[in-house]
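Single-structure report; data block below.
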Amino acid sequence: MACAQDAAIALRSGVGAHSGAPIVNAGSVDAVVSGHLLRGGSRSPLLDLVRLTRVLRGAGECEEPVEVIATPADTPYLCGVAGAAGLRICPLSPMRAHPLGQGRPPAELASALRAVTARVVLVSLTLGGGPVDGLRAALDDAADLLVVAASGPPSPLTAHPDVLPVRSCTPSGRPSWFVDLDEDDDPRGLLAPGEDVPGPRGPATGNGVAAAVVAATAALLWSRFPTADARTVRAALRIGTTPTRRIGPPVLDAERSLEFLRQYAP
């Protein structure tokens, strides 16, 4: 297993594959406790940045599964973000891992997506070359899924209109130093905390970590509104906080997402 520093370097570029464990419970690495505090009793300021604190207060227990398509080295960090030793967004949600190596052809990711059984899917890896029609078709057919992807180099995955790409931001909400943004960049998607995010194996950094925060938030919100469809949950998440900077996507805003679902979810 890679050390925390090695995995953090990999996660920065949005890479990830598949852990061999069929189901990893996000809360299994530590005791599940009431409240949403870090070890030592302090609440993470990252929850306040994305306005998750009040949403968590009235959420109850979230058991909405999340499926993770990432490398074996990255999967423990991605699963741990939401767990009891991390931000505790949904510590009881089952995390189902699908192994997939780095740089694999798009067709292999398409096969993994077609095997998904949960409604929330986190993808954190870099694709290799090869035909992309099968991947596009799999994403077209996954209209009832919410696919959250770590944003990195342009790819047919993050370019798909039904995929929610996520980049990392600092605790102040600015794009992380390793995130390249300019005026010509597509502002689709979200920013979310992705630097030194706590977890059972130590702090982790990267676009994949930020995407894990968004996927966990999606699971939490969907557990509050189980009859909502994927399009409505995706639209709720995309609202975000209006950025004060001139470029880049908005920062995840869980309270605004919750209000959207209260108004539009069935």
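The numbers here are math on the coordinates, done by the rules we state, and not lab data. Being a predicted model, the structure only gives us computed values, none of them experimental. Here the Cβ positions follow ideal geometry from the backbone for every residue, glycine too, while neighbour counts run over all protein chains shown.
You can think of it this way: the chain between D140 and Y264 has 42.3 nm of extra reach, that is 0.36 nm per residue less the Cα-Cα gap. The label point for D229 and the one for E61, both projected 7 Å from the Cα toward the Cβ, are 3.2 nm apart. Taken as Cα centroids, region 193-266 and region 116-134 sit 19 Å apart, rounded to the nearest whole angstrom. Computed about the Cα centre, the dipole magnitude for region 104-208 is approximately 460 debye when only Lys and Arg (+1) and Asp and Glu (-1) carry charge, each at its Cβ. Think of region 87-191 as having a plus end and a minus end, set by charges on the Cβ of Lys, Arg, Asp and Glu; of L127, A159, C90, C90 sits farthest toward the positive end of this dipole. The residues neighbouring H98, those whose beta-carbon lies less than 14 Å from its own, together hold a net charge of 0 under the Lys/Arg +1, Asp/Glu -1 convention.
With a cut-off of 11 Å between beta carbons, the residues surrounding A230 carry a summed charge of 0, where Lys and Arg count +1 and Asp and Glu -1. Full extension of the chain segment joining E255 with R54 gains 71.6 nm, where the gain is 0.36 nm per residue of separation less the Cα-Cα distance. Per the Debye formula on identical point scatterers at the alpha carbon atoms of region 151-192, with no solvent, log10 I(q)/I(0) at q = 0.18 Å⁻¹ is -0.50.
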